[in-house]
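In what follows, a structure is listed as C-alpha cells, so that the remarks can point back to it.
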Amino acid sequence: GEVVLAEQSHWTSPVSGATYPARWRVRVAAHGLDLVLEPRLAAQEWHTRLRYWEGAVTVADAAGTARGLGYVEMTGY
C-alpha cells in the first residue's frame, strides 16, 4: 500500500498481439511522489523466444514540472 501503480493507457503489438501498459502513474505518498511515466516510443517490444517490452520512458510529476528519463522492463503479457 505504500506504492500505488496505476496503468493509464495500453499499446498492442502488431507483431505478437500482446497488449502492454503504455503509461503509468506512480504514487509514493510517504515521499510526496506523484509521477507519470510514458514510453518515449511505444514499439519497444523484443521479439525473442520470450517476448517482452523494455525501453526508455519519460518521467514527469503530475503537474508536469519535474522531468526525467527512466527505463521500464515488462514480461508476462
Q: For residues that are among the hydrophobic types (A, V, I, L, M, F, W, C) and surrounded by 13 or more Cβ atoms within 10 Å (Cβ to Cβ), tally how many sit in segment 47-61.
A: 4
Q: Sort out which residues of segment 5-23 are in contact (Cβ under 8 Å) with a residue 24 or more places away in the chain and either surrounded by 11 or more Cβ atoms within 10 Å (Cβ to Cβ) or closer than 16 Å to VAL72 by Cα (or both), and write them in order of number.
A: GLN8, TRP11, SER13, SER16, ALA18, THR19, TYR20, PRO21
Q) Can we say PRO14 is in a loop (DSSP other than H, G, I, E, B), out of contact with any Gly (no Cβ under 9 Å at 6 or more places or on another chain) and not hydroxyl-bearing (Ser, Thr, Tyr)? A) yes
Q | Residue ID - surrounded by the fewest Cβ atoms within 10 Å (Cβ to Cβ), chosen from residues in segment 24-42 that are under 12 Å from the mean Cα position of the chain (by Cα) and not in a strand (DSSP E or B) | A | LEU41
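Values quoted throughout were computed directly from the atomic coordinates according to the rules given, and no laboratory measurement underlies them. Note that the structure is a prediction, hence the values are computed from the model and not measured. Note: ideal-geometry Cβ built from the backbone for every residue, glycine included; neighbour counts use all protein chains shown.
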